[in-house]
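Asks: Okay, handing you the structure first.
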Amino acid sequence: MTSPRKRIGVLTGGGDCPGLNAVIRAVAKSAIFDHGWEVLGIEDGFLGLIEDRIRPLAPCDVSGILTLGGTILGASNKADPARFPVGYNADGEPVFEDRTRQCLDTLDRHGLDTIVVIGGDGTMTCANHFVPHGVNFIGVPKTIDNDLVGTDITFGFSTAVQTATEAIDRLHTTAMSHHRVMIVEVMGRNAGWIALHAGVASGCDVIAIPEIDYDLAIINDFVKERARFGRRFSLICISEGAKPRGGQQTVNKIDPTSPDPIRLGGIGEQLAADIERCTDISTRAVTLGHIIRGGSPIAADRVMGTQFGHTAIELIAQGQTNRLVVVRDGAVTHAPLMASAGRQRLVPLDDPTIAAARAVGTCFGDIPAHMPSRPQADCDKLHAS
Ligand code: F6P
């Protein structure tokens, strides 16, 4: 079925995440096959609009990309057209310029009816800036952090959890061999979804998330008690945004030109040093960092990306403008474009996954956890096997 001929654009903004190409493919193929529209790919997020870097996307351009990580269009998380960084002044402060006009000229030049913007909070805010200028957007939310308000889940999250889980599984055996505490730091900014799910999936003994400040003494007691019961190793999954009770988040870098100037990271190393100093148990920290953003999306994210891209095109066909594709109660639907903006969906303290983890003996560092009660002889057998 075809509807009046349109020319639509698609861009990916913010940090990349697995599943972006699945969305781009679904947007392009649905628009071309179902409606006979033209599709243009905008390179490097809003930077492509500022610099007029736009290319046609034919079915052959999006063929074979479903399983690829990253984004064939490129992304940028610094290209806010309303506040575009152009350098530094004599005092070393960043200088910004408004590039709205250039973007509007680019849009006119290419005759774009609607742009499908695939991104997070920052990307939707950039898009919303153009709404008073009469530009139409359909938003597709993405982030590995799974912290967007208004949608039950974002694509990319499940792949990030899977990748982190596989990494922790590998660290499990080396932790056991060396009778060590092994700490794995994962991304997630201020939300602990990745650490919580990867920690539960890999059977971590301790999970530290930003929503629950940890007490170092409780973690130290827990790993020592485990050793006393024959579990001479412990696995800890910690979110980059976690912090000790009464402490601050660990800032890796501040980049004043970025819309997200605070880059977190380093809490895993800090906790490792604290545990080793206090318990005398050999402790190592591994930071997974961008590894969990890369690689091929798992099946669930490929499916979700395809559903989201197709839904974006259906919304355009229905005449909808400035809507955000979301998942509510398991169904793909839509909400206002800015439904997620300016707020973060944190892990609620009564989240059932936290309750389940506590029930199986996981320590969150806030209260003492269940201890293993297996007799020493059984533990010895387990370690020997
Ligand atoms: O929001 C996604 C995310 O990967 C966060 O988990 C992380 O803190 C941040 O982006 C890292 O951003 P960058 O790629 O700019 O270092």
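The values are calculated or read from the model by the stated rules, or taken from the named source; none is laboratory data. Small disclaimer: the values here were computed from a predicted structure and weren't measured. Here Cβ is always computed from backbone atoms with ideal geometry, including for glycine, and neighbour counts include all displayed protein chains. Ligands, DNA and RNA are stripped out before the accessible areas are found, and what is left, the full protein with its side chains, is counted by its heavy atoms. Shrake-Rupley method; radii C 1.70, N 1.55, O 1.52, S 1.80 Å.
Asks: Report, by residue number, each residue of the range 118-166 that is away from the ligand (no atom under 11 Å from the Cβ) and of a type in the set (D, E, K, R).
Replies: Matches in the range 118-166: Asp152, Glu166.
Asks: Which of the residues that make up the range 77-111 are at pLDDT 95 or above, within 19 Å of Arg55 (Cα to Cα) and of a type outside the set (S, T, N, Q)?
Replies: Scanning the range 77-111 gives Cys103, Leu104, Asp105, Leu107, Asp108, Arg109, His110, Gly111.
Asks: Do we have His179 as modelled with pLDDT of 95 or more, outside the structural domain of Ser76 (by TED's automatic domain parsing), over 23 Å from Arg263 (Cβ atoms) and not hydroxyl-bearing (Ser, Thr, Tyr) here?
Replies: yes
Asks: Of (1) within 11 Å of the ligand (Cβ to nearest atom); (2) at positive phi; (3) small (Gly, Ala, Ser); (4) open to solvent by 10 Å² or more (accessible area, probe 1.4 Å), Gly203 satisfies all except one. Which?
Replies: Going through the list (1) within 11 Å of the ligand (Cβ to nearest atom); (2) at positive phi; (3) small (Gly, Ala, Ser); (4) open to solvent by 10 Å² or more (accessible area, probe 1.4 Å), Gly203 breaks only (1).
Asks: Let me ask something else about it. Exactly one of (1) open to solvent by less than 20 Å² (accessible area, probe 1.4 Å); (2) assigned to a helix (DSSP H, G or I); (3) more than 16 Å from the ligand (Cβ to nearest atom) is unmet by Ile115. Its number?
Replies: So the condition that Ile115 fails would be (2).
Asks: Can you report the number of residues in the range 167-179 which are open to solvent by less than 40 Å² (accessible area, probe 1.4 Å) and more than 16 Å from the ligand (Cβ to nearest atom)?
Replies: Number satisfying all stated conditions: 3.
Asks: Identify all residues within the range 236-287 that are at positive phi and either touching a Lys or Arg at 6+ places or on another chain (Cβ under 9 Å) or of a type in the set (D, E, K, R) (or both); write none if there are none.
Replies: Correct list: Gly265, Asp280.
Asks: What are the residues in the range 24-53 that are within 21 Å of Gly120 (Cα to Cα), outside any helix (DSSP H, G or I) and open to solvent by 30 Å² or more (accessible area, probe 1.4 Å), if any?
Replies: Glu43, Asp44 - these are the residues of the range 24-53 that are within 21 Å of Gly120 (Cα to Cα), outside any helix (DSSP H, G or I) and open to solvent by 30 Å² or more (accessible area, probe 1.4 Å).
Asks: Scan the range 128-144 and report the pairs whose first residue is in the same structural domain as Ile194 (by TED's automatic domain parsing) and over 18 Å from Ala335 (Cα atoms) and whose second residue is within 16 Å of the ligand (Cβ to nearest atom) and among the hydroxyl-bearing types (Ser, Thr, Tyr), with Cβ atoms within less than 7 Å and a gap of 6+ or a chain change.
Replies: From residues that are in the same structural domain as Ile194 (by TED's automatic domain parsing) and over 18 Å from Ala335 (Cα atoms), there are no pairs.
Asks: Tell me which residues, restricted to the range 258-268, are more than 10 Å from the ligand (Cβ to nearest atom) and surrounded by fewer than 17 Cβ atoms within 10 Å (Cβ to Cβ).
Replies: Of everything in the range 258-268, just one residue is more than 10 Å from the ligand (Cβ to nearest atom) and surrounded by fewer than 17 Cβ atoms within 10 Å (Cβ to Cβ), namely Pro261.
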